Structures are given as structure tokens and as C-alpha cells.
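Inspection log for the structure reproduced underneath, given as C-alpha cells.
Every number here is computed from the coordinates shown, using simple stated rules; none is lab data. Owing to the predicted nature of the structure, the values given are computational and were not obtained by experimental measurement. As a convention, Cβ positions derive from the backbone with ideal geometry for all residues, glycine included, and neighbour counts pool all protein chains shown.
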Amino acid sequence: MIEVRHLTRTYLSRRSPKSKEPFVSVNDVSFSLLENTPYALVGESGSGKSTLAMMLAAILPPTNGEILLDGNNIWALSPKELRLMHGEVQLVLQNSQGALDPRRRIYESIAEPLRKLRHLTRQEEQHTVHDILHKVQLQDDILMRFPSELSGGQQSRVCIARAMALAPRLVIFDESVSGLDVTVQKKVLDLLLNLRQEYQSTFLFITHDIDVALYMADHIFVMKEGKIVESITDAHGYDDFNHPYSRELIESLPPKTPYNR
Ligand SMILES: Nc1ncnc2c1ncn2[C@@H]1O[C@H](COP(=O)(O)OP(=O)(O)OP(=O)(O)O)[C@@H](O)[C@H]1O
Ligand SMILES: [Mg+2]
């Protein structure tokens, strides 16, 4: 479905703006994602995960390389094709990353992408919003509230609903459940596993937590300093990781987490 070829993103160095040497955030990354499959991408802070996510969602242009969706380079699409593509590929952030507009009621936040990307009647729109709200296990009464009137777990469910209302083929979750209490986090992850089955979408879960990665997907990419250093297609436990960097990540884990399989 999506093929990433030699994707690279550089930034001009902030620390030394006069330096001619650009900072390479994503460095010659290639992989492909199949239809209806869960994937996880794990790596430490600063490894380039969010930069990669934004390029995949066609929000940030790559410096080099290409992203092919069904064989078409997403950075060479016409504005109309790009709009269609935004309906098929969704990026879900945490609310603390500014995912929800604080001045908008929840109903409006969920309906906004539908209005931009789908031509629905008012009645169809309301039906879609209520339907997805129930699928993420939220009650109708939150629709008229503002994001600040919801708990962190409820906010993350709203962010998920907003993306899933479009029934996208690929959903990228960039640390979407980080910052939540561990038990709340697990409930949201279980909800996501069910939603993925139901929608038959491809999910890419981005996390710095290898346990979350193992819980969410069998196919795990490990990213370090802009490169994918390991790609494991059938990961079921720590023993499946071989790269020294992956071993380091595992050794630095706290002793017991609720994701142990
Ligand atoms: N707009 C920018 N300008 C300059 N450098 C940037 C910019 N965005 C990201 N970077 C740098 O690129 C590198 C990768 O950042 P990125 O946000 O992709 O990492 P990440 O893996 O998502 O980290 P985290 O786990 O903390 O979210 C970092 O060193 C970061 O400082
Ligand atoms: Mg990030």
C-alpha cells in the first residue's frame, strides 16, 4: 500500500545557524507497509520518529526520497489528489501536542475533517460522529464540551475518533497514548486493537516504549539517529530483537510493566 524509498529529511542546524552542515533527522529510510496490518515504530527521543510520521502523512516534505501510495508519489499529487490522500492517511497526536482546538466543542473537532474531506449531509455527518463516538466508548454528552473539560483518556479517544471517522486506510499514532496513566493507556490501546480489526486499516504505532510496540504489532521497526536499524516481521518478545541498539532499549526497561506477554 505505502512504499517509502530512501526517505531523508534534513534541518538547518539550530544550535549553530551559521554552520553549513545540515542536521539529518531521517536518514535514507526505506520500507513498505501492507494493507490491513499493524506495525510499530520504536526509538528513543530525537531518533526521527515524528519527522518520519509527518512526511508519511504528507504534512512535511522530504528533503530526498519518495513516498508511494498505491504507486503514486504523494509529494507529486495535485491538490485534489492530495485532499483524497489526506482522507486515507491520518496522523493521530496527543492532545498535549495541540491535536484538539481548545476553543472548539468536541462535536466540531470530530466533524471538521469530515466536512473538509467528505461530502456528507448534515444528517449523515451527525450519524458518523455519533457512531464513531460510541465506537471509542464515549458518551454523547461530551460532544458539547470543550477539550479542557475532558480527562486525558477521553481526549485521546476524541483524537482517535476524529481520525477514524474518515475510515482511513493508514493511521499513524505518534505517541498518541504517552502521558496517560498506565491503566488508562492500556484501555486505549485495547480499543485501538479492536478498531483496527473492525476497520481493517493499517496502523503504525509510534512509541519510545518497546513493550507498547510488542503489545500492538508483530512487525516492529527500530529507529536510531534517523535510520531504521532493525525491522522484525514476527516480534513476539524481547528475544526477537537482535540489533545492539534494540538490546540496549530492552535492558533499560523498568523490571515489570502491564504489557508483558
Ligand atoms: N523543525 C525542526 N528544526 C530543526 N530540527 C528539528 C526540527 N524538528 C525536529 N528536529 C530535530 O530532528 C531530530 C528528530 O526529531 P523528531 O521529533 O523526529 O524525533 P522523535 O523520534 O519524534 O523524538 P520524540 O520521541 O522526542 O518525539 C531531533 O534531533 C530534533 O531536534
Ligand atoms: Mg516525536
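With each pseudo-label sitting 7 Å past Cα toward Cβ, what's the Glu112-Asp239 distance in nm, one decimal? Distance between the two pseudo-spin positions: 4.8 nm. The mean sequence separation of alpha-carbon pairs under 8 Å and at least six residues apart, normalised by the residue count of the chain, gives a relative contact order of 26 percent. DSSP assigns beta bridges within the chain; of those with both partners inside it, close to 50 percent run antiparallel. The orientation-averaged shadow of the Cα convex hull for the chain, equal to a quarter of the hull surface, comes to 14.9 nm². In this rough spin-label picture, where each label sits 7 Å from Cα along the Cβ direction, the Leu12-Asn73 distance is 2.5 nm. For a modelled paramagnetic label at Asp101, 7 Å from Cα along Cα-to-Cβ, the residues of region 127-149 in reach, with backbone nitrogen under 14 Å, are 146-147. Could you state the number of Å between the C-alpha centres of region 43-73 and region 95-127? The two parts, judged by their Cα centres, are 25 Å apart. Remark: C-alpha extents of region 118-226 on the principal axes read 46, 29, 24 Å, sorted largest to smallest.
Is region 175-241 best put as rounded, prolate or oblate by its Cα gyration tensor, with a ≥ b ≥ c the root eigenvalues, rounded for a/c under 1.5, and otherwise prolate when a/b is larger than b/c, oblate when not? Intermediate values should be presented prior to the final figure.
Values: a/c = 1.76, a/b = 1.38, b/c = 1.28.
Here region 175-241 falls in the prolate category.
Asp140 to Gln200: FRET efficiency via 1/(1 + (r/R0)^6), r the Cβ-Cβ distance, R0 45 Å, to the nearest 0.05?
Numbers: r = 27 Å, r/R0 = 0.59.
About 0.95, to the nearest 0.05.
Dividing the summed -39500 (n - 2.57) terms of all DSSP H runs of n ≥ 4 by the residue count of the chain sets its mean residue ellipticity at 222 nm at -10500 deg cm²/dmol.
Counting lysine pairs in region 1-132 whose alpha carbons fall under 30 angstrom apart, excluding pairs fewer than 8 residues apart on the same chain, gives 5.
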